[in-house]
1. Val121 - would you say it is in contact (Cβ under 8 Å) with a residue 12 or more places away in the chain and buried (at least 23 other Cβ atoms within 10 Å of the Cβ)?
2. Do we have Gly30 as on the phi > 0 side of the Ramachandran plot and at pLDDT 95 or above here?
3. Taking the residues in the range 18-40 that are part of a loop (DSSP other than H, G, I, E, B), out of contact with any Gly (no Cβ under 8 Å at 6 or more places or on another chain) and touching a residue at least 12 places away in the same chain (Cβ under 8 Å) as candidates, determine which candidate is farthest from Gly62 (Cα to Cα).
4. Exactly one condition in (1) modelled with pLDDT of 95 or more; (2) farther than 23 Å from Gly127 by Cβ is not met by Gln201; state its number.
5. Is there a residue in the range 142-161 that is part of a loop (DSSP other than H, G, I, E, B) and either more than 24 Å from Leu83 (Cβ to Cβ) or free of Cβ contacts under 8 Å to residues at least 60 places away in the same chain (or both)?
6. Return the residues of the range 15-44 that are touching a Lys or Arg at 6+ places or on another chain (Cβ under 7 Å) and over 19 Å from Arg187 (Cβ atoms); say none if nothing qualifies.
7. Out of all the residues in the range 139-149, is one or more acidic (Asp, Glu) and over 29 Å from Phe28 (Cβ atoms)?
8. So which residues in the range 146-156 are more than 17 Å from Gly14 (Cβ to Cβ) and either surrounded by fewer than 17 Cβ atoms within 10 Å (Cβ to Cβ) or under 16 Å from the mean Cα position of the chain (by Cα) (or both)?
Amino acid sequence: MQSAAVAGILLAAGQGRRLGQPKALVEFGGTTLAQRGVALLRDGGAAPVVMVTGAVPVDLPGVLAVHNPHWRGGMGSSLAAGLATVPGSCSAAVIALVDQPLIGPEAVRRLIAAHAAGAAVAVACYGGLPRNPVLLAREHWAEVTAMVVGDAGARPFLRAHPELVTRVECGDTGRPDDLDTRPDLDRLAGLLPPGEATAGQE
């Protein structure tokens, strides 16, 4: 049904206070979390990819980087900045978080497929529980932006409009674990496939 492109938005503005460094620059599986997040969206079929930065500048090839000057206020302002940067040719955007490195690109592909089948809002679920990434069709961006507050992101909009949400099970494609602390980093790194876990360590 939908023929226009679906963009990817990577929210990567935080300073990673509990990690001791900005999350976008954290090394994980031989790449930075920013590189991994961009690859997640690209490999899942989202194009172009917009990356919202804040605490530190990050410049990656082929990525539309936008600085959120209000990043200290939480993820909501970064989501608004990302949506405002997506080119007009895109009918929807898939939003991913830089600190969920075990989510797989198949989750992005499934959300895009749900949009192509008519879904205006699609949420990846793991064991039936809604997490990330989330796809939002353009017609809802203005309301999403008007409702963002603090770190809530799209959550207020999703809770206000459950009738719009298509849940897409992605439990077999990866894990939505958050990477917030050094113990998280060690634990999630231990869940990587052996080849990927040692990449870049030679």
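1. yes
2. no
3. Of everything passing the filter in the range 18-40, Arg18 is farthest from Gly62 (Cα to Cα).
4. All conditions are met except number (1).
5. yes
6. Gly44
7. Yes, the range 139-149 contains at least one residue that is acidic (Asp, Glu) and over 29 Å from Phe28 (Cβ atoms).
8. Passing the criteria: only Ala146.
The values are calculated or read from the model by the stated rules, or taken from the named source; none is laboratory data. None of the values given here were measured: they were computed from a predicted structure. Neighbour counts are summed over all protein chains in view; Cβ atoms, including those assigned to glycine, are modelled from backbone coordinates with ideal geometry.
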